[in-house]
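Undergrad: Here it is: the structure, laid out below.
The values are calculated or read from the model by the stated rules, or taken from the named source; none is laboratory data. All values reported here derive from a predicted model rather than from experimental measurement. Here Cβ is always computed from backbone atoms with ideal geometry, including for glycine, and neighbour counts include all displayed protein chains.
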2 protein chains.
Amino acid sequence: MAVSARRGTPLNIDEISAAALRLVDAGGVEGLSMRKLAAELAVNPMSLYHHVESKEALLELVCATAARRMSLPSDDGRPWQEQLRALALAYHRHARQHPALWIYVHGHPRMVADRRMSLWQVLERILRLAGVPEEELRRTSDVLYAFVSGIISSQLRGHLPDDPEETGRSLNIAVELIVRGLEGGAAGAGARG
Amino acid sequence: MAVSARRGTPLNIDEISAAALRLVDAGGVEGLSMRKLAAELAVNPMSLYHHVESKEALLELVCATAARRMSLPSDDGRPWQEQLRALALAYHRHARQHPALWIYVHGHPRMVADRRMSLWQVLERILRLAGVPEEELRRTSDVLYAFVSGIISSQLRGHLPDDPEETGRSLNIAVELIVRGLEGGAAGAGARG
DNA sequence: ACCTGAACACCGTTCAAGT
DNA sequence: ACCTGAACACCGTTCAAGT
């Protein structure tokens, strides 16, 4: 038998990734070690390396897993302003579910903030709805993401207060500024400077 | 003699902090270890613990050192909009000088982003100039900081492009939105939502 | 194919001992 | 007062060996 003495079933990557996410959520990224994870899975530490190339690769996997679980609002026909607010709130909810991982991602360049993530697709759809021209889509969504993630990051760090009421207020201020900027043609502002 | 066999002079905390900052700038926070730092200073690793309580305390010290070196624009009588842009650019320059440390700070709650830092004092002065009422000063500066740090963070991660021209554009978009928001009474927007 | 144990090169930190 | 060496409890990862 090739199966572990301590377990009935062989390891698989989903199980590994789910357990790792649990550890990160509970104890932060520095609370995740290959050895603790192996213990959690009742397996020899070295067995993990048969499914994952390194700890860094594992963390990429964990990020992808968490991203896939994020629930995003679909096009419900409401005006783009409201849809933009709904998206910001959904993203904020996701960040609060996995604060340690979220912060980790934002400190590590190549983590799965890639363009194919559904988050970006939803965002671009809403911006098209808002009338942002195709050639400005990229920069506008980047700036907008930077704004919202800045707010979220401040809140996760406890820099901005974290009670739901104040949170809503801050996100609203942010979205309101962005909305106003878009309505007034924010893209043009950059060219001025 | 109480002095190291390998060095003529005793260790002091400024020397430690400066060397640690050098290491972090060169190799990221994970490139700093007590042992490497000791080697850099030609000293036994354990000697460091006579000047610094732990690695975490050392990093706080390093952050404070870097913050003290940041050069901030003083009140030159220009309109608040221009002063705000100048402050954002100065902060961005600082972040680019110490990217690894900057990202580290923004992933660690209690790092010296405290209210007494001169950055915050300059920011509040400019916002007063902009006519932000005293009771809104705190939240407005928090949101504003969140915006600018979001932009900077995106750029450091290579998510937004990093050439000076594009950088200036993005920061300008951000500041422009904020300026417009302030002029239009952004604080009120929060209450609406 | 999948798992394992021993081993290597690193960590941060404690402690008792040196001058 | 300041420095040191040995030791402890952890890391991630390699490698040769087991079924």
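Undergrad: So which of B:84, B:89, B:61, B:101 is of a type in the set (A, V, I, L, M), surrounded by fewer than 19 Cβ atoms within 10 Å (Cβ to Cβ) and on the phi < 0 side of the Ramachandran plot?
TA: Exactly one residue qualifies, and that residue is B:89.
Undergrad: Just wondering, is there one or more residues in segment B:1-21 that are β-branched (Val, Ile, Thr), away from DNA strand C (no atom under 12 Å from the Cβ) and closer than 30 Å to residue B:141 by Cα?
TA: Checking segment B:1-21: not a single residue is β-branched (Val, Ile, Thr), away from DNA strand C (no atom under 12 Å from the Cβ) and closer than 30 Å to residue B:141 by Cα.
Undergrad: Output the number of the condition that residue A:15 fails; it satisfies all remaining conditions of (1) part of a helix (DSSP H, G or I); (2) touching a Leu at 6+ places or on another chain (Cβ under 9 Å); (3) within 13 Å of DNA strand D (Cβ to nearest atom).
TA: Only one criterion in (1) part of a helix (DSSP H, G or I); (2) touching a Leu at 6+ places or on another chain (Cβ under 9 Å); (3) within 13 Å of DNA strand D (Cβ to nearest atom) is unmet by residue A:15, namely (3).
Undergrad: Please go through segment B:113-129 and give me each residue that is crowded, with 16+ Cβ neighbours inside 10 Å and modelled with pLDDT under 90, ordered by number.
TA: B:113, B:117
Undergrad: Sticking with this structure for a sec: Identify, please: which residue in segment B:156-181 is modelled with pLDDT of 70 or more and among the hydrophobic types (A, V, I, L, M, F, W, C) and is, among those, farthest from residue B:139 (Cα to Cα)?
TA: The extreme case among them is B:156.
Undergrad: If you go through segment B:28-40 one residue at a time, how many are near DNA strand C (Cβ under 9 Å from one of its atoms) and assigned to a loop (DSSP other than H, G, I, E, B)?
TA: The number of residues fulfilling the criteria is 2.
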